[in-house]
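Here the structure comes first, spelled out in C-alpha cells, and everything after it is commentary.
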Amino acid sequence: MPKARGETDATRKLLLQAITLDPRHEAARLDLVDLMIDAKDIEEARRLLDEIADRARDAVRVDALRARLQLVANSGSGADRASLERKIAADPADLEAHFELANLTLINLFNLLGSDNALVREYRSRLAAALN
C-alpha cells in the first residue's frame, strides 16, 4: 500500500469508487481495510472489516487483516523503540514495555516484508487465531 499522504488519499478515492460501482467487490473492500490500517484509522478499519468478514471468500486475508489490525491497535501508545528500550533498561520487569516493544518490532517486520509476503500472511493468520 502507498505510504505518501497524497498517494494514500488518491488510493482511498479509487477504492471507494470501485466499491460504489460494485458494492460486492471484496478485494477493493479488503484493500480499503488494509489502507485504513496503514493510515492508523483503527476504528474505520475495524468497522469496514466487520462489515465484510462474515461473508468474505478470502478468509485467509480477513484473518491476516484482523491480526494486523489487532497488532496496530495494541501498539496504540505510540511509543517509539528508543523510549521503550529506555523504559525496559530502567525497569526490566516492565512487562507492558516488553510487550509494546515486541509488538512494534513485529509490526515493523511485517511492514518491511510487505503485506503480500507469504510469511507475513501466514503468521498474521496464525497470530489472529492465537488472539481469538
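The values are calculated or read from the model by the stated rules, or taken from the named source; none is laboratory data. In this text, all values refer to a predicted model and were calculated from it rather than measured experimentally. A quick note on method: Cβ atoms are made from the backbone with ideal geometry, for glycine too, and the neighbour counts reach across all protein chains shown.
Yes or no: region 52-61 includes at least one residue that is modelled with pLDDT under 90 and within 19 Å of T105 (Cα to Cα). Checked against the condition, which is being modelled with pLDDT under 90 and within 19 Å of T105 (Cα to Cα), region 52-61 yields no hits at all. Name the single residue that is modelled with the highest pLDDT among those in region 75-132 being among the small types (G, A, S) and assigned to a loop (DSSP other than H, G, I, E, B). Ranking the candidates gives A93 first. Scan L21, L32, L69 and give me the residue that is assigned by TED's automatic domain parsing to the domain that holds G6 and closer than 19 Å to T8 by Cβ. Selected residue: L32, the only one of L21, L32, L69 that is assigned by TED's automatic domain parsing to the domain that holds G6 and closer than 19 Å to T8 by Cβ.
Is it fair to say A28 is surrounded by 16 or more Cβ atoms within 10 Å (Cβ to Cβ) and without any contact (Cβ under 8 Å) to a residue 60 or more places away in the chain? Answer is yes for this residue.
Among residues of region 113-132 that are under 15 Å from D58 (Cα atoms) and not assigned by TED's automatic domain parsing to the domain that holds D38, those with a Cβ under 7 angstrom from a residue that is surrounded by 11 or more Cβ atoms within 10 Å (Cβ to Cβ) and among the β-branched types (V, I, T), sequence gap 6+ or separate chain, pair up as R121/V60; S125/V60. Among the residues here, A67 qualifies as touching a residue at least 24 places away in the same chain (Cβ under 8 Å) and assigned to a helix (DSSP H, G or I).
Is there a residue in region 48-60 that is loosely packed, with under 15 Cβ neighbours inside 10 Å, hydrophobic (A, V, I, L, M, F, W, C) and part of a helix (DSSP H, G or I)?
Keep residues of region 48-60 that are loosely packed, with under 15 Cβ neighbours inside 10 Å, which gives 50-51, 54-55, 57-60.
Adding the requirement that they be hydrophobic (A, V, I, L, M, F, W, C) leaves 59-60.
Filter again for part of a helix (DSSP H, G or I), leaving 59-60.
The answer is yes, given that some residue of region 48-60 is loosely packed, with under 15 Cβ neighbours inside 10 Å, hydrophobic (A, V, I, L, M, F, W, C) and part of a helix (DSSP H, G or I).
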